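Trainee: Please find one structure pasted underneath; my questions will follow.
The values are calculated or read from the model by the stated rules, or taken from the named source; none is laboratory data. Keep in mind it's a predicted model, so treat the numbers as computed, not measured. Cβ: placed from backbone, ideal geometry, glycine included. Neighbour counts: every protein chain shown.
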Amino acid sequence: MQSTTHTERLGRTVLRLFSAAVLVFLVAPVLIVIPLSFNESAYFSYPMSGFSTQWYAALVSSKDWRLAIVNSFVIGIASTAIATMLGTAAAMGISRPSFPFRSFIMPLLISPMIIPIVVVAVSLYLVFSPLGLTSSYAGVILAHAALGTPFVVITVTATLMSFNRNLVRAAASLGAPPLLTFRRVTLPLIAPGVATGAVFAFATSFDEVIVILFIGGPEQKTIPRQMWSGIRDQINPSILAMAALLTVFAIAMFLIIDWLHGRAASASNNNN
Amino acid sequence: MAVGSEAKSMPQEGRNAYRAARRSEAMRSLAFALPLLLFLVAVFLYPIGALLMRSIQSDDVAAAFPRVSAGLAGWSGATLPPSPVFAALAADLAAAQQNGTLVSAARRLNNYEPGFRSLILKTARRLPDPAAGPVEQAFVDIDHHWGETETWRFIQRASARITPDYLLSAIDLRAGPKGLSELPPDQRIYQAAFARTFLISGSVTLICLLLGYPVAYLLATLPQRQSHRLMIFVIVPFWTSLLVRTTAWYVLLQPNGIVNALLAQAGLTSGPLALMFNRTGVLVGMTHVLLPFMILANYAVMRGISPTYQRAAVSLGAHPAVAFLRVYVPQTLPGIGTGTFLVFVLAIGYYITPDLLGGGGDEMISQLIAFQMDRQLNWGLAGALSVYLVLLTLAVYFVFNHFVGVDRLRLG
Amino acid sequence: MRSQRTASRAAALLAAGYALLALPAAAQEKTLNIVDYGGAFEAAADKAWFKPFAEAQGVKIATEQYDGGVAKLRAMVEARNTIWDLIDLETNDAITACDEGLLQKLDPALLGDRSDFIKGAILPCAVSSMIWSTVFAYDTSKMQTQPTTVADFFDIQKFPGKRGLRKSPKVSMEWALMADGVPAGEVYKVLATDDGVKRALNKLSTIKDRIVWWEAGSQPPQLLADGAVAMTMAYNGRIYDAKKKENKPFAIVWDGQVYDYEWWGIPTGAKDKDLAEKFIKYASAKDNIWKLSNFISYASPRKSSVEAMNKAVLPDMPTAPDNFKNALQIDAEFWADKYDSINSRFMTWLGQ
């Protein structure tokens, strides 16, 4: 018995050390970007040659970067709005037990998440270009909206599955019209799920580079597109400054999601 | 099911009404998903279908050379085609040059035999005058290739509107007069590339599982508040832009980068190791990007597993390790399945990370598809490579759906 | 209460969405869309030509970067949706694009005195913007002995370390043959044969496991700076830029340099042909064309520029007599004709 607890304790220690190493592996590269963005040299060189905020200044003064930041939010918000509306509606159908052809329709709905992105990008170029949708905001927004929908479908479906359908029936039996029931009963309950899905959809668009590379034009530069050309076509440490800002942004995203989860947990407390 | 047996006991009329009600209920459910379905068909599924169809379409030559295509339809290929076909070629070349279809036809033929493009363009520039004498000789004078049956066989083959050629060349096969054969070894490229894509994705999945499973286990078994605090180490990288992380590795893995500096300081290496522009860089970068998926998928399942069974096994005398392997691990299979599926499916479509951190020998299929479109504008081959990649992805999806179930896919 | 707020928020999002779809129409300012090779070249061109032109004309200039090749241009023209108004090309691409009708014929009247251009600097569809060269460079602080010839690039015994090469058969194949003993004058004659291609690939195979492939012109200075390679193929202007702006201890080996013209062309179907023509007229003018050399060591194709140019840059120009001793002009006709076939062999070799 004693030897068992001894092995157990040893195993636990090894597990903790191993996990600590893995977590450091995960987070260190993300954080290291922050000090590196203050490097003086015009190349990504190490050791750092001196402290400078010039790359942040370059970021602010470059019209390309400014355009990219605005574009990323514009495209992200617009495509998220489309994805969230379509995805939430679809999830409300899918989560019903009566939903037909589920095994056929589900793969279609989540295909934007699993089809290799290069295939998507090349296909969109093939079809969008003759329609004049390449090098246009509309084309990029539609494409990003499609890529974001599976996340909304999955998160909202998951929320709906764990939610008490009797509440809707109760509202209906009390004579509430369906739209009112949706607004007053369903939506508040699934709101955390919808919001989580929307955050995922936004992040998908915000981080997407390959579709933009293929179908975006000079006017549709986004932050990832600008970073890609920063690392490929014009090596420029401004991208480290941008990377540092995005890391801070990611931490903010974590806090938002965390807060939403907290709300979700309190909303469906009886289910857990 | 209970409702179903209830329906059985109903009279015929009631059963029909019940079925109708169920059908209309099903239609109402479907109606909710319809806007998304139509949207996806229009901006997603149709374009992908169009690209995949490109792998078997071959309209360029038939469109540019209608007379030659008709003339070659019944040609046996044993000897040179008859002289009306040569005359037809002269007429077609002139017409194609006028209506702008010449170049795409020339490029289509160039897929069979490098040099065809310049042969066609050159011939079109110095078209023989039909009145000047025997047209066959005039063509042969422009280029000796016109006197070879093989040249005409290629044109005949390319005139077919549906072709298996792209799908064959995407796996290094070709169709000759004697059936299918493999390309000579020095021209094979895609079989190895598919194998490499599979190998890299498989390795990354395995590494992610080996690294991620223990971490998920620790997080799931720690007290809630502690695990919640540690979760930030997983979530923040997860939310950080892919390009930020790849850029970070680009800086870290350089010969004079931080990793090499640390290794040298620790006395582990005498000179800088080559960590990027090779397989190491690809594996490190991809593992870093995909590991959070593995951890989160396993964590979600492990959190719901009660420790009671494992404790029971130990109290009945099983060694903790045995109890873990025989009792705990089987309960986590859905998590392993989901994590493995996500990581593998995302990995086989990877493009950015291998492109920035890999070397010449690490190209994945995605990069080759992009190359065919971006550099060669060979839609047929890009489509054919996509067909295989999509089939591979779907196969992985159906295996996952069969063993684990897509409903288990959870995020966040 | 909350649901109402959510609904009004959704409505606001929807409205924002529609407003955004209409956004491109709202942008009234004229824009010249230029695609070029990016990096230090674009930075120099921006100062020499783009900014002054944009200010003089009251227009906006939007740039995009590419790494050469005509596939993307072809895709645009075939789809009848040309996004670029002006394209920066290498010679073989300019010839191919013109042959295939991807570029518009250029009005010679735009160029003024045509006899002022050096021989071969005007094509039916394009006009030369500058002369640049592919050379190889190394970091003097890290090399014990200084390499001097193109054969040294392939000598991994004497000069150990990685090599950077452009992921293209152009110039790599020429250098392989020159290093294998083919005189500069016969390189293209040998390369035109099947055995010549094999010979070049075999020579490249001797260093294949040491090669780091790059695609964009800004990569080689970065590769040298972070020590990823000991020597690298590079565009001479990019190395000049790194030396001048960053004081990097880089040196160029001019032996075996392969020089080429760079071109401006107007894609077929360009949305603003007039503006693109105005730009070509502006940037090719006697008083403006040489200004690029104020910012990067690329030579002007106009004879009159020799007087105007900044003399301090002259020794760094590909055309300086000391640098020009064993120079090879790229045979653009050769590459326009053979690029596809040699490239497919090259890419297959690369993938093995």
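Trainee: Could you look through segment C:273-329, keep only residues that are surrounded by 21 or more Cβ atoms within 10 Å (Cβ to Cβ) and part of a loop (DSSP other than H, G, I, E, B), and pick out the one that is nearest to the chain's Cα centre (by Cα)?
Mentor: C:Tyr298
Trainee: For A:Leu108, indicate whether it is among the hydrophobic types (A, V, I, L, M, F, W, C) and within 7 Å of another protein chain (Cβ to nearest Cβ).
Mentor: Values: among the hydrophobic types (A, V, I, L, M, F, W, C): yes; within 7 Å of another protein chain (Cβ to nearest Cβ): yes.
The answer is yes for A:Leu108.
Trainee: Out of the residues in segment A:37-90 meeting the condition of being among the β-branched types (Val, Ile, Thr) and surrounded by fewer than 15 Cβ atoms within 10 Å (Cβ to Cβ), tell me which one is nearest to the chain's Cα centre (by Cα). Spell out the reasoning first.
Mentor: The first filter runs over segment A:37-90 and keeps only residues among the β-branched types (Val, Ile, Thr), leaving A:53, A:60, A:69-70, A:74-75, A:77, A:80, A:82, A:84, A:88.
Checking the rest, the ones that are also surrounded by fewer than 15 Cβ atoms within 10 Å (Cβ to Cβ) come to A:53, A:60, A:70.
Numbers: A:Thr53: 29, A:Val60: 25, A:Val70: 17 Å.
Here the answer is A:Val70.
Trainee: Mind counting the residues in segment B:238-260 that are more than 7 Å from chain A (Cβ to nearest Cβ) and in contact with a Pro (Cβ under 8 Å, 6 or more places away or on another chain)?
Mentor: Final tally of qualifying residues: 3.
Trainee: Right, another one. What number of residues within segment C:48-96 are without any contact (Cβ under 8 Å) to a residue 60 or more places away in the chain and part of a strand (DSSP E or B)?
Mentor: Matching residues across segment C:48-96 total 5.
Trainee: On to the next question. Of the residues A:Gly193, A:Gly217, which is crowded, with 19+ Cβ neighbours inside 10 Å and within 30 Å of C:Gln65 (Cβ to Cβ)? Steps first, please.
Mentor: Details: A:Gly193 fails: within 30 Å of C:Gln65 (Cβ to Cβ).
From the options A:Gly193, A:Gly217, the qualifying one is A:Gly217.
Trainee: Quick one: which of A:Ala89, A:Ala78 is at the interface with chain B (Cβ under 10 Å from one of its Cβ atoms) and in a helix (DSSP H, G or I)?
Mentor: Working: A:Ala78 fails: at the interface with chain B (Cβ under 10 Å from one of its Cβ atoms).
The unique qualifying residue is A:Ala89.
Rundown of residues vs (1) buried (at least 23 other Cβ atoms within 10 Å of the Cβ); (2) in the same structural domain as C:Tyr240 (by TED's automatic domain parsing); (3) under 20 Å from A:Pro130 (Cα atoms), yes/no style:
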| site | (1), (2), (3) |
| --- | --- |
| C:Lys30 | no, no, no |
| C:Ala45 | yes, no, no |
| C:Ala54 | no, no, no |
| C:Gly58 | no, no, no |
| C:Ala71 | no, no, yes |
| C:Ala75 | no, no, yes |
| C:Asn81 | no, no, yes |
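Trainee: Looking at C:Asn236, C:Asn202, C:Asn247, can you tell me which residue is closer than 22 Å to C:Ile296 by Cβ and surrounded by fewer than 21 Cβ atoms within 10 Å (Cβ to Cβ)?
Mentor: Details: C:Asn236 fails: surrounded by fewer than 21 Cβ atoms within 10 Å (Cβ to Cβ); C:Asn202 fails: closer than 22 Å to C:Ile296 by Cβ.
Sole residue among the options that is closer than 22 Å to C:Ile296 by Cβ and surrounded by fewer than 21 Cβ atoms within 10 Å (Cβ to Cβ): C:Asn247.
Trainee: Let me ask something else about it. Consider segment B:214-237. How many of its residues are facing another protein chain (nearest Cβ under 10 Å), assigned to a helix (DSSP H, G or I) and either modelled with pLDDT under 95 or over 23 Å from A:Ile32 (Cα atoms) (or both)?
Mentor: The initial filter retains those residues of segment B:214-237 that are facing another protein chain (nearest Cβ under 10 Å), namely B:214-219, B:221-222, B:228, B:230-237.
Narrowing the set further to residues that are assigned to a helix (DSSP H, G or I) leaves B:214-219, B:221, B:228, B:230-237.
Now narrow it down to the ones that are either modelled with pLDDT under 95 or over 23 Å from A:Ile32 (Cα atoms) (or both): B:214, B:216-219, B:221, B:228, B:230-237.
Residues that pass the stated criteria total 15.
Trainee: Name the residue, out of C:Val229, C:Val212, C:Val253, that is within 12 Å of another protein chain (Cβ to nearest Cβ), surrounded by fewer than 24 Cβ atoms within 10 Å (Cβ to Cβ) and either closer than 20 Å to B:Val251 by Cβ or of a type outside the set (Phe, Trp, Tyr) (or both). Please lay out each step first, then the result.
Mentor: Numbers: C:Val229 fails: surrounded by fewer than 24 Cβ atoms within 10 Å (Cβ to Cβ); C:Val253 fails: within 12 Å of another protein chain (Cβ to nearest Cβ).
Selected residue: C:Val212, the only one of C:Val229, C:Val212, C:Val253 that is within 12 Å of another protein chain (Cβ to nearest Cβ), surrounded by fewer than 24 Cβ atoms within 10 Å (Cβ to Cβ) and either closer than 20 Å to B:Val251 by Cβ or of a type outside the set (Phe, Trp, Tyr) (or both).
Trainee: Might you let me know whether segment B:110-133 holds any residue that is touching a residue at least 40 places away in the same chain (Cβ under 8 Å), surrounded by fewer than 19 Cβ atoms within 10 Å (Cβ to Cβ), outside any helix (DSSP H, G or I) and away from every other protein chain (no Cβ under 14 Å)?
Mentor: Taking segment B:110-133 as the starting set, the residues that turn out to be touching a residue at least 40 places away in the same chain (Cβ under 8 Å) are B:111-113, B:130.
With the extra rule that they be surrounded by fewer than 19 Cβ atoms within 10 Å (Cβ to Cβ), the set shrinks to B:112-113, B:130.
Still in the list and also outside any helix (DSSP H, G or I): B:112-113.
Cutting the leftovers down to away from every other protein chain (no Cβ under 14 Å) gives us none.
The answer is no; no qualifying residue exists.
Residues checked against (1) under 29 Å from A:Val119 (Cα atoms); (2) among the β-branched types (Val, Ile, Thr); (3) touching a Pro at 6+ places or on another chain (Cβ under 7 Å); (4) facing another protein chain (nearest Cβ under 9 Å):
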{"position": "B:Val327", "(1), (2), (3), (4)": "no, yes, no, no"}
{"position": "B:Thr338", "(1), (2), (3), (4)": "yes, yes, no, no"}
{"position": "B:Tyr350", "(1), (2), (3), (4)": "yes, no, no, yes"}
{"position": "B:Trp379", "(1), (2), (3), (4)": "yes, no, no, yes"}
{"position": "B:Val399", "(1), (2), (3), (4)": "yes, yes, no, no"}
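Trainee: Could you run through segment A:1-36 and say how many residues are modelled with pLDDT of 85 or more, hydroxyl-bearing (Ser, Thr, Tyr) and surrounded by fewer than 17 Cβ atoms within 10 Å (Cβ to Cβ)?
Mentor: Qualifying residue count, segment A:1-36: 1.
Trainee: Would you be able to tell me the number of residues in segment C:89-129 that are away from every other protein chain (no Cβ under 14 Å), β-branched (Val, Ile, Thr) and buried (at least 22 other Cβ atoms within 10 Å of the Cβ)?
Mentor: Number satisfying all stated conditions: 2.
Trainee: Among B:Ser227, B:Ser270, which is over 32 Å from the mean Cα position of the chain (by Cα), closer than 30 Å to B:Val301 by Cα and assigned by TED's automatic domain parsing to the domain that holds B:His288? Quick ask: steps written out before the conclusion?
Mentor: Values: B:Ser270 fails: closer than 30 Å to B:Val301 by Cα.
Being over 32 Å from the mean Cα position of the chain (by Cα), closer than 30 Å to B:Val301 by Cα and assigned by TED's automatic domain parsing to the domain that holds B:His288 holds for just one of B:Ser227, B:Ser270, which is B:Ser227.
Trainee: Just to check your reading of the model, which residue among B:Ile162, B:Ile200 is among the β-branched types (Val, Ile, Thr), within 30 Å of B:Pro66 (Cα to Cα) and under 26 Å from the mean Cα position of the chain (by Cα)?
Mentor: Details: B:Ile200 fails: within 30 Å of B:Pro66 (Cα to Cα).
From the options B:Ile162, B:Ile200, the qualifying one is B:Ile162.
Trainee: Could you identify the single residue in B:Phe293, B:Phe277, B:Phe324 that is assigned by TED's automatic domain parsing to the domain that holds B:Ser227, in contact with a Cys (Cβ under 8 Å, 6 or more places away or on another chain) and of a type outside the set (Ser, Thr, Tyr)?
Mentor: B:Phe293
Trainee: Please indicate, with yes or no, whether at least one residue in segment C:252-269 is touching a strand residue (DSSP E or B) at 6+ places or on another chain (Cβ under 8 Å), at pLDDT 90 or above and in a loop (DSSP other than H, G, I, E, B). Outline the logic, then answer.
Mentor: As a first pass, look at segment C:252-269 and keep what is touching a strand residue (DSSP E or B) at 6+ places or on another chain (Cβ under 8 Å): C:252-254, C:256-268.
Within this subset, residues satisfying the condition of being at pLDDT 90 or above are C:252-254, C:256-268.
When the remaining residues are screened for being in a loop (DSSP other than H, G, I, E, B), the result is C:266, C:268.
Yes - at least one qualifying residue is present in segment C:252-269.
Trainee: Restricting attention to segment A:92-105, which residues are at the interface with chain B (Cβ under 7 Å from one of its Cβ atoms) and without any contact (Cβ under 8 Å) to a residue 60 or more places away in the chain?
Mentor: We begin by selecting, within segment A:92-105, every residue at the interface with chain B (Cβ under 7 Å from one of its Cβ atoms); these are A:92-94, A:96, A:98-100, A:105.
Answer for segment A:92-105, where residues must be at the interface with chain B (Cβ under 7 Å from one of its Cβ atoms) and without any contact (Cβ under 8 Å) to a residue 60 or more places away in the chain: A:Gly93, A:Arg96, A:Ser98, A:Phe99, A:Pro100, A:Ile105.
Trainee: Let me ask another. Does B:Arg15 fit the bill of being within 14 Å of chain A (Cβ to nearest Cβ) and of a type in the set (Lys, Arg)? Don't jump to the end; show me each part of the working.
Mentor: Working: within 14 Å of chain A (Cβ to nearest Cβ): no; of a type in the set (Lys, Arg): yes.
So B:Arg15 fails the test.
Trainee: Let me ask you something else. Restricting to segment B:267-295, and then to whatever is away from every other protein chain (no Cβ under 12 Å) and at pLDDT 90 or above, can you tell me which residue is surrounded by the most Cβ atoms within 10 Å (Cβ to Cβ)?
Mentor: B:Met286
Trainee: Would you be able to say whether some residue in segment A:130-142 is at the interface with chain B (Cβ under 7 Å from one of its Cβ atoms) and either crowded, with 24+ Cβ neighbours inside 10 Å or within 19 Å of B:Leu36 (Cα to Cα) (or both)? Walk me through how you get there before you give the answer.
Mentor: Narrowing segment A:130-142 to residues at the interface with chain B (Cβ under 7 Å from one of its Cβ atoms): A:142.
The next check asks that each one be either crowded, with 24+ Cβ neighbours inside 10 Å or within 19 Å of B:Leu36 (Cα to Cα) (or both); those that pass are A:142.
Checked segment A:130-142: at least one residue is at the interface with chain B (Cβ under 7 Å from one of its Cβ atoms) and either crowded, with 24+ Cβ neighbours inside 10 Å or within 19 Å of B:Leu36 (Cα to Cα) (or both).
Trainee: Follow-up. Quick check on this structure: which one of B:Ser24, B:Ser69 is part of a helix (DSSP H, G or I), under 13 Å from B:Ala158 (Cα atoms) and among the hydroxyl-bearing types (Ser, Thr, Tyr)? Quick ask: steps written out before the conclusion?
Mentor: Values: B:Ser24 fails: under 13 Å from B:Ala158 (Cα atoms).
Residue meeting the stated conditions: B:Ser69.
Trainee: Show the residue pairs that are 6+ apart or on different chains and have beta-carbon atoms under 7 Å apart, the first residue being within segment B:300-322 and within 11 Å of chain A (Cβ to nearest Cβ), the second being among the basic types (Lys, Arg) and not in a helix (DSSP H, G or I).
Mentor: B:Ala300/B:Arg410
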